[in-house]
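Colleague: Sharing a structure here in structure tokens format.
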Ligand code: CAA
Ligand code: NAI
């Protein structure tokens, strides 16, 4: 609803009221229409203030209403009426003005924002565009370059940046409502015509076409295949070339196409999935998120390599004191320099001073007596991790949480050497840790609810999307990645080229295909893991028709590349050839082709042409199939958890909703059929055999993803 209040001295205040974020539900819109009309007809009212209850202006349309029939008054005429009012209307923005909320404010004649307010048009992140005049009014107010940036990325801006861009007229550190009322009193009776944003002339830059083209190029790099940002560009083009009324019409047409698209459904699903995973539960549905977390006042990070540095930066950014540990002075000094450098660059970007004093450094584990939580990030070596946890168990306070950032080692085995297995768990960050949003919180057999609650809470403070997962090799993300990369290797053996596999995956929407990604991260990473698992070493002798290990097909190609020193970009060669060591431009390597021909003839493989559809289906469906195994085993609580992991940790294209949502959109019967087909064609590849959960879901009529839980009759839960 919206509350109408008359303030002494000719001002009416309309307060939006719809907890928690004052979203513009049909009831709220109806109440605004009535309040605006009342203010318009009351002769004693000379100016109006619109604000939101509880320090939040408005987070836009009520997303929960998107799936139902449209009810209540539309936003566009409501905003037009406000703008057309002869009585000045002032928006008092506290907290957030997002989406339809900002569009409402743009329809007002003045905007006053609290210094901590955030403003933005995030519709693109929901697969939509700002269709209540946002694409037409913002370019008139902030200029085309800024509007293009904000509308195509959905990024929020601070009140100060909004002031600089001309989106707001004034920023205050006082109560925005009170300041706006005072201001409204002063301007009561002034003409509103010159303040109507729709009437402002548009400043069209001379290089408009190249600006729009550059934006489209950036979109293709960032979100290949996503249709909403492209529609946003078209709407801003309309603003710059058409009169306001025609621009509004174009905005509506573009929105109509987006609103019913599968991409909008996928992105809206993700909006709710992201919030659902924060309310973590076990697969049986038991809610544990009511457990109170322990306060974390100081953290230790052990190992200042790639991951430890990023994790330390995250903690300092969140204002948490951290003590970082290395094994020797030399590594400690390198780590300290790297962390300081990262914090400096970070602070420069935000125009602030780096908070270097929050990070201290030591080579002595005995200095960790006062920390509340430890994150270990040393080499991926079980013996080393156990040695460290044994020591931590005696050095740290008995109530301190001991966490490991292992990529996939057994958390229970690590916990077994401590005297507090209930306080041991995985906090699995993703590289680069100070940038990637995902945090897998790995629950061991003995981990207590309070330990999980504390790690999830810390993740939130670090602005991560924390997902609770069970303990198994590779947990959720890396375990699902294994069949995906394996398929890519088999496809090479069977006749595909790295660039063909990468192209198919990149056209699907990944920023990088599996081979380009492998070269970037270093092929030795997976090689070391495979060595640790005893999965490398000689394959069957030359001339043997099938390459197999333990009865399953195995590709030795990535191991042989590593043996030959082809570790990827850092070596100047890997799956591709680079101009120099550390080079970035990947070129197909004729050497690889002749090597593959030799490998095939050695093992009796007949090369064949493989089309992009087979590449996609084998890579994606084998990954999805593993997701079904994971759900069945209770390693993840729900498909939403898997989707959040893939979107926030593995750059899975957001507009497809994540692997499990994508499978539900493709249709489970089709995924099952294709897996059956490829499994029959390659019976020696174990992960192509459809999971029994997938079969059961199809047999139960392929229910919507929200109902999969009912079909998962787990035999055993790991959470
Ligand atoms: N509609 C309905 N519910 C919303 C909502 C919205 N626009 N925005 C947030 N919520 C709900 C969340 O789902 C969550 O609900 P639960 O507690 O039931 O899970 C609750 O509000 C709190 O949200 P967060 O947990 O995200 O809280 P936060 O403080 O971290 O963030 C926020 C607040 C910045 C507003 C964030 O929720 C957000 O970014 N929301 C989305 C805003 C958005 O995309 N608006 C555009 C909508 S489309 C539009 O406006 C176009 C149009 O007019 C047609
Ligand atoms: P890294 O090799 O870059 O860094 C490891 C650091 O640990 C080195 O600086 C080393 O000197 C230090 N170290 C070794 N023994 C130590 C000891 N006894 N005491 C203190 N410091 C010690 O490794 P990286 O990549 O940072 O990985 C660390 C952990 O994080 C591993 O378990 C890895 O599997 C995991 N991980 C790695 C990811 C990646 O992409 N690199 C992603 C997610 C997890």
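The values are calculated or read from the model by the stated rules, or taken from the named source; none is laboratory data. Nothing here was measured: the structure is a model prediction, and the numbers come from that model. Please note: Cβ atoms are built from the backbone with ideal geometry, for glycine as well, and neighbour counts cover all protein chains shown.
Colleague: Being closer than 20 Å to residue 38 by Cα and either surrounded by 24 or more Cβ atoms within 10 Å (Cβ to Cβ) or not assigned by TED's automatic domain parsing to the domain that holds residue 229 (or both) is the requirement here; does residue 101 meet it?
Modeller: The answer is no for residue 101.
Colleague: Looking at 123, 86, 53 in this structure, which one is within 15 Å of ligand 1 (Cβ to nearest atom) and either in contact with a helix residue (DSSP H, G or I) (Cβ under 7 Å, 6 or more places away or on another chain) or over 30 Å from residue 656 (Cα atoms) (or both)?
Modeller: Result: 53 is the single residue among 123, 86, 53 that is within 15 Å of ligand 1 (Cβ to nearest atom) and either in contact with a helix residue (DSSP H, G or I) (Cβ under 7 Å, 6 or more places away or on another chain) or over 30 Å from residue 656 (Cα atoms) (or both).
Colleague: Mind checking which residues of region 290-338 are within 12 Å of ligand 2 (Cβ to nearest atom), more than 18 Å from residue 463 (Cα to Cα) and assigned to a helix (DSSP H, G or I)?
Modeller: 306, 329, 330, 331, 332, 333, 334, 335, 336, 338
Colleague: For region 219-230, enumerate the residues that are in contact (Cβ under 8 Å) with a residue 40 or more places away in the chain and either outside any helix (DSSP H, G or I) or surrounded by fewer than 17 Cβ atoms within 10 Å (Cβ to Cβ) (or both).
Modeller: 221, 222, 223, 224, 225, 226, 227, listed by residue number.
Colleague: Look through region 517-552, keep the residues that are in contact with a helix residue (DSSP H, G or I) (Cβ under 7 Å, 6 or more places away or on another chain) and modelled with pLDDT of 80 or more, and return whichever of them is surrounded by the fewest Cβ atoms within 10 Å (Cβ to Cβ).
Modeller: Applying the filter and picking the extreme gives 520.
Colleague: Related question: Given (1) away from ligand 2 (no atom under 11 Å from the Cβ); (2) more than 19 Å from residue 324 (Cα to Cα); (3) under 27 Å from the mean Cα position of the chain (by Cα), where does residue 402 come up short, assuming only one miss?
Modeller: All conditions pass for residue 402, except number (2).
Colleague: Quickly run through region 1-18 and pick out the residues that are under 39 Å from the mean Cα position of the chain (by Cα) and modelled with pLDDT of 95 or more.
Modeller: Scanning region 1-18 gives 13, 14, 15, 16, 17, 18.
Colleague: With within 23 Å of residue 120 (Cβ to Cβ) and touching a residue at least 40 places away in the same chain (Cβ under 8 Å) as the only criterion, which of 171, 157 stands out?
Modeller: 171
Colleague: Ok, one more. Checking residue 385 against (1) farther than 22 Å from residue 363 by Cβ; (2) touching a strand residue (DSSP E or B) at 6+ places or on another chain (Cβ under 7 Å); (3) within 11 Å of ligand 2 (Cβ to nearest atom), only one condition comes out false. Which one?
Modeller: (1)
Colleague: Evaluate the following for residue 194: is it part of a loop (DSSP other than H, G, I, E, B) and exposed (fewer than 15 other Cβ atoms within 10 Å of the Cβ)?
Modeller: For residue 194, the condition - part of a loop (DSSP other than H, G, I, E, B) and exposed (fewer than 15 other Cβ atoms within 10 Å of the Cβ) - is not met.
Colleague: So for region 639-660 (the condition being without any contact (Cβ under 8 Å) to a residue 24 or more places away in the chain and either part of a loop (DSSP other than H, G, I, E, B) or within 20 Å of residue 480 (Cβ to Cβ) (or both)), does at least one residue qualify?
Modeller: Within region 639-660, not a single residue is without any contact (Cβ under 8 Å) to a residue 24 or more places away in the chain and either part of a loop (DSSP other than H, G, I, E, B) or within 20 Å of residue 480 (Cβ to Cβ) (or both).
Colleague: Further question on the same structure: Would you say residue 319 is in the same structural domain as residue 392 (by TED's automatic domain parsing) and either within 16 Å of ligand 1 (Cβ to nearest atom) or in contact with a strand residue (DSSP E or B) (Cβ under 9 Å, 6 or more places away or on another chain) (or both)?
Modeller: Considered against the rule, which asks whether it is in the same structural domain as residue 392 (by TED's automatic domain parsing) and either within 16 Å of ligand 1 (Cβ to nearest atom) or in contact with a strand residue (DSSP E or B) (Cβ under 9 Å, 6 or more places away or on another chain) (or both), residue 319 comes out as no.
Colleague: Kindly establish whether residue 305 is surrounded by fewer than 17 Cβ atoms within 10 Å (Cβ to Cβ), at pLDDT below 95 and under 30 Å from residue 363 (Cβ atoms).
Modeller: yes
Colleague: Still on this structure, please answer the following. Residue check: is residue 60 on the phi > 0 side of the Ramachandran plot and touching a strand residue (DSSP E or B) at 6+ places or on another chain (Cβ under 7 Å)?
Modeller: yes
Colleague: Let me ask you something else. Taking helices (runs of 4 or more DSSP H) that do not extend beyond region 407-520, which have at least 1 residues that are under 30 Å from residue 684 (Cα atoms)?
Modeller: Of the helices (runs of 4 or more DSSP H) lying wholly inside region 407-520, those with at least 1 residues that are under 30 Å from residue 684 (Cα atoms) span 477-494, 498-508.
Colleague: Just give me the residues in region 563-599 being within 13 Å of residue 497 (Cα to Cα) and surrounded by fewer than 17 Cβ atoms within 10 Å (Cβ to Cβ), in sequence order.
Modeller: Hits for region 563-599 are 587, 588, 590, 591, 593, 594, 595, 597.
Colleague: Related question: Under the condition of being farther than 14 Å from residue 100 by Cα and touching a helix residue (DSSP H, G or I) at 6+ places or on another chain (Cβ under 7 Å), which residue from region 56-81 is surrounded by the fewest Cβ atoms within 10 Å (Cβ to Cβ)?
Modeller: My answer is 71.
Colleague: Give 144, 115 a once-over and let me know the one that is touching a residue at least 24 places away in the same chain (Cβ under 8 Å), in the same structural domain as residue 239 (by TED's automatic domain parsing) and surrounded by fewer than 21 Cβ atoms within 10 Å (Cβ to Cβ).
Modeller: Result of the check over 144, 115: 115.
Colleague: Among the candidates 372, 399, 422, which residue alone is under 19 Å from residue 450 (Cα atoms), exposed (fewer than 15 other Cβ atoms within 10 Å of the Cβ) and more than 16 Å from ligand 1 (Cβ to nearest atom)?
Modeller: Criteria check complete, one pass: 399.
Colleague: Would you be able to tell me the number of residues in region 669-695 that are touching a residue at least 24 places away in the same chain (Cβ under 8 Å), in a helix (DSSP H, G or I) and surrounded by fewer than 23 Cβ atoms within 10 Å (Cβ to Cβ)?
Modeller: Of the residues in region 669-695, 8 are touching a residue at least 24 places away in the same chain (Cβ under 8 Å), in a helix (DSSP H, G or I) and surrounded by fewer than 23 Cβ atoms within 10 Å (Cβ to Cβ).
Colleague: Consider residue 377 carefully, then state whether it is within 10 Å of ligand 2 (Cβ to nearest atom), within 27 Å of the chain's Cα centre (by Cα), at negative phi and at pLDDT 95 or above.
Modeller: Answer is yes for this residue.
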